[in-house]
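Presented below is the structure to which this report refers.
We did not get these values from a lab; they are worked out from the coordinates using the rules stated. Quick caveat: nothing in here was measured; it's all calculated off a predicted structure. Methodologically, a virtual Cβ is constructed for each residue, glycine included, from the backbone with ideal geometry; neighbour enumeration extends over all protein chains shown.
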Amino acid sequence: MSTPSGSGLVGYAAAAAVGWSVFLPIGLKYPLLLCATVCGLWMLTRDGHLQRLRSDGPWGFALAFWAWSTLTMLWTSGPWSAASAQMGLYALLLCAPVVGLSVPTPWARRALQHFCIAAGAVGLLCVARSWSALPAPEGWAWRSTVTAEGNQRIVTSLLLALGCALALREAARGWLLGSSLSRVLAWCVVAAAAAAGLAGQDRRTGMATLPVLLVALVVGSAMAQHCSRAKLVALALAVTACCAGLGWATPSVRERFAEGFREVASYNSAADVNTSWGMRLKMMEQTVQMAAERPVVGQGLGSWEALWVKRVPSGSMLAEQRTPHNEHLLVAAQTGLVGLTLWLCVVWSNATRGLRTLGVQLAPATLLVWSAVAWAGLFNVVLRDAKFSVPLLILAALAHASGRSDRSH
């Protein structure tokens, strides 16, 4: 990709900054996404392209999902403050298509490339920290990367997995297009750095997501056009070697998964639960019951926590939970089968968007990003928690823009 001159340098510098900003604290990413959406609407209106938004299938599904979720506030048993806050978070789904249709394709590709490089840099810092080669850094800028805790640590793990998968996609893309060997190897090094940081962070969400993304890369490439069988086999072998090598080199992560499996095996629904995976099973069980009570229209937006505290012992560790740690079940319980169907349509239409692009040679970036959303949503609330939704939607918008067949703007 050639570097533009003059005013184009400003746009490319901004694209690079956006790629790195995905790892910044939520207080900076949130206004970035909102400002980009406002600017995107202005650009689409100015250029007379607003009809593209209206005819965009994923945006239509997102609008329908948000509208239905808002309607369920009429019968919610939860507090109005919780329902309105969740309504605002679900509205962020409408931002990604706006930004995706307005950002120039070359800039979006540059931003995704810089996100991959940022993931590699964060990965190396995480490795240095895990080896005690890096003193504990202080300050707000580190709390979303090296010193992240709680949900933010899980988000960073997920972003490292995405950075690794997207970097491997860049390497495969360069290989298919006949780029120099040094360029292909450079992207492999970036992917390896992100994967090493993922292992060093020791979070199960990211480690479980990376193999799914790599499988999606192979399957999506098989569905794409102009990818020979020999190259697909080579890509599949490379992905298998990557997953096997990562698993072999990380005994601490293997132990973490073994610990989780032991917690599942010892789960007793009738007893008080205080293990990580045991509590997740309890939340899944109770959330399914909530959904079954009002299967079509749901319990109403913002109702889960109010229903949850009535079902668990007061003062227990379970009572401290605020979400079911499963976005799909949360949607089903609060908005019913109607909302769940619309949400799955949002995910599917976005994930398969790039596969309909003529001339595609590799699994599109949208497939990887939305596969991460769908898979991580099995263990976390990826819409209800802005720490997850904002960076993922920024990447979804960039992935959409980077794969647009129309390069006119």
Review point. If we count every other residue with Cβ under 14 angstrom of residue 337's Cβ, Lys/Arg +1 and Asp/Glu -1, where does the sum land?
Key: 0
Revision key, fill the gap. When 117, 26 are ranked with the fewest other C-beta atoms within 10 Å first, the list becomes 26, 117
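Could you rank the peptides 177-188, 202-213 by their average count of other C-beta atoms within 10 Å per residue, with the highest value first?
By packing density, highest mean first, the sequence is 202-213, 177-188.
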Point to revise | For segment 67-141: span of alpha carbons on each principal axis (Å, largest first) | key: 54, 35, 17
